[in-house]
1. Under the rule of at least 5 residues apart or a separate chain, name every residue whose amide H is placed under 5 Å from the amide H of Gly159.
2. If you fit an axis through the alpha-carbon atoms of helix 177-194 and take the longest principal axis of the Cα set of the chain, what angle between them do you get, 0 to 90°, nearest 10?
3. Sort the following peptides by mean Cβ neighbour count (other Cβ atoms within 10 Å, averaged over residues), highest first: 74-84, 28-38.
4. With an 8 Å cut-off on Cα pairs and a minimum separation of 6 or more residues, tell me the relative contact order of segment 95-195 in percent.
5. Can you give the calculated 222 nm mean residue ellipticity of the chain, where each DSSP H run of n ≥ 4 adds -39,500 (n - 2.57) and the sum is split over every residue, rounded to the nearest 500 deg cm²/dmol?
6. Could you please state, rounded to a whole Å, how far the C-alpha centre of segment 120-195 is from the C-alpha centre of segment 31-68?
7. Tell me, in nm to one decimal, what length is gained between Asn60 and Glu113 on full extension, where the rule is 0.36 nm per residue of separation less the Cα-Cα distance?
8. Cα axis of helix 133-149 to longest principal axis of the chain: angle in degrees, 0 to 90, nearest 10?
Amino acid sequence: MSDLTKFQVIDGELIGARQIASPNFNQRPENTEIQLVVIHNISLPPSQFGGGYIEQFFQNRLDWSEHPYFRTIEGMQVSAHLLILRTGEVLQFVNFKNRAWHAGRSSYLAKVECNDYSIGIELEGSDDTDFEDVQYQVLSEVVATLQLAYPKIEQHLAGHSDIAPGRKTDPGPHFDWQYFRELLMNIKKRNSDMN
Ligand SMILES: [Zn+2]
């Protein structure tokens, strides 16, 4: 990706992301503001990258017979707002105005049902593999863009494991929070210097 600053949120859509509609969403509860970003990892089959299976899964188009692991998630209807592939490409499945189905049973600062008020970002990855540098670069640019559009999320970034402890482990021990926060801080500094 040559131009990392191209992202923009217009009408709940991330400009700069490839749009792929997922049917797995519903309305956020009335008068609910977006105030949290939840970071996940996903790979299908686990720890294997590429292949397009995550995209198919989020669209309810995955052929469960293609891999034994797929049988264990058969019929699950899930989604995330965004997926950042190993290549750094960003896919958007659900408009930010809508409620994606990524967090499940969860709570953040004693507020339950994180799907109601969060944006879910999946990184193509696993709990046992380092993420690609380009994924950190793109994630930081995307989160900086989201924070401009939805100021309440400024201080509220969490991993799935933070909001569903004991149940979920992602984004996992290989996700480098410190590196991500440094990149994010630098981007925000750069953006404010430009103003
Ligand atoms: Zn997750």
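Quick note: the coordinates plus some simple rules give every number you see, no bench work behind them. Note that this is a predicted model, so its numbers are computed, not measured. Backbone-built Cβ (ideal geometry, glycine too); neighbour counts: all protein chains shown.
1. Ile39
2. 40
3. 74-84, 28-38
4. 29
5. Details: 5 runs with 50 residues, N = 195.
Helix-only estimate at 222 nm: -7500 deg cm²/dmol.
6. Comparing the Cα centres of segment 120-195 and segment 31-68, I get a distance of 17 Å.
7. Details: separation 53, 0.36 × 53 = 19.08 nm, distance 2.26 nm.
So the extension gain works out to 16.8 nm.
8. 60
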